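Working notes, beginning with the structure itself.
The values are calculated or read from the model by the stated rules, or taken from the named source; none is laboratory data. On a predicted model such as this, the values are computed, not experimentally measured, just so you know. We place every Cβ from the backbone using ideal geometry, glycine too, and count neighbours over all the protein chains shown.
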């Protein structure tokens, strides 16, 4: 698999020979989520600091699709939800019978929050109220759909009980605003632009799970963690809301060279303020979070950087 695709960048100064660069593709998600700006920020960090490489963030269907893109060599790096990444690398869940063993972690970036959004006028106050309703469970091939399905099934609700629709973040927000659906799932860093935009023109509600529903979801998927969506992030949502969180992982292939994986990891952490300026979710991007939250083995090049920082690498993260 040739994961580095050579291109030639025309020189900006007439008479200067063209420079051969290696193009790096970063698979992200839709433009209404956090993956795309986060991937774009990482691309800029790479382009400014790693000589000989030109990185680009690509719009995709997100986590599930992204794992396949890396495995097939159609993307050099990708962002994915931890549970999706784990399923892909171990050949379980959505990836039963198609193990993508070559997937390796570079870093864990931040925690997604599973946000179940409805309008105040919908009369929907709880997870059980979704039964019989029109619900967007996320784009096809997205980690949002994996998470939505897990949360619903863990609490005795299947797609037979709802009118499921598979819409991306922007489509879900538009459908809520237009009255075409009753509720929608987002598994994304907070705040996210699509919910922010929806909240500026509509009164929204974030559905909070009960303690029993939290426990059922975490029993079904131990990667889930209880976290807090701070009040004030979205207009009209003034109180803190307890939600499920899922780490997001930056993934590469084991075929990426150790040297390149090292350079990307080192450069990202040494320029983390630039990534934080793109999106505040990157404030969670730390070495400690990576070593605690990454669900698959790390790339040897990334391990080299972490060891240089003095971090102790858990045995489960070594290939």
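Per-structure values
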read-out: Matching residues, segment 127-157, being in contact (Cβ under 8 Å) with a residue 24 or more places away in the chain, over 21 Å from the mean Cα position of the chain (by Cα) and at positive phi; value: 132
read-out: Residue count, segment 29-52 (criterion: touching a helix residue (DSSP H, G or I) at 6+ places or on another chain (Cβ under 6 Å) and over 15 Å from residue 278 (Cα atoms)); value: 4
read-out: Which numbered condition residue 80 fails, given (1) closer than 30 Å to residue 234 by Cβ; (2) over 13 Å from the mean Cα position of the chain (by Cα); (3) assigned to a strand (DSSP E or B); value: (2)
read-out: Given (1) crowded, with 22+ Cβ neighbours inside 10 Å; (2) over 22 Å from residue 230 (Cβ atoms); (3) over 22 Å from the mean Cα position of the chain (by Cα), index of the condition residue 160 fails; value: (1)
read-out: Residue within segment 155-164 that is in contact with a helix residue (DSSP H, G or I) (Cβ under 9 Å, 6 or more places away or on another chain), farther than 17 Å from residue 213 by Cα and in a loop (DSSP other than H, G, I, E, B) present; value: yes
read-out: Segment 199-225 residues that are more than 27 Å from residue 294 (Cβ to Cβ) and assigned by TED's automatic domain parsing to the domain that holds residue 170, paired with ones that are surrounded by fewer than 20 Cβ atoms within 10 Å (Cβ to Cβ) and modelled with pLDDT under 95 (beta carbon under 8 Å, 6 or more apart); value: 208/242
read-out: Residues of segment 6-24 that turn out to be assigned to a strand (DSSP E or B) and either surrounded by fewer than 23 Cβ atoms within 10 Å (Cβ to Cβ) or at pLDDT below 95 (or both), as a count; value: 9
read-out: Selection count, segment 178-190, where residues are surrounded by fewer than 22 Cβ atoms within 10 Å (Cβ to Cβ) and either within 25 Å of residue 279 (Cα to Cα) or out of contact with any strand residue (DSSP E or B) (no Cβ under 8 Å at 6 or more places or on another chain) (or both); value: 2
read-out: Selection within segment 26-52 - within 23 Å of residue 255 (Cα to Cα), free of Cβ contacts under 8 Å to residues at least 60 places away in the same chain and surrounded by fewer than 24 Cβ atoms within 10 Å (Cβ to Cβ); value: 43, 47, 51, 52
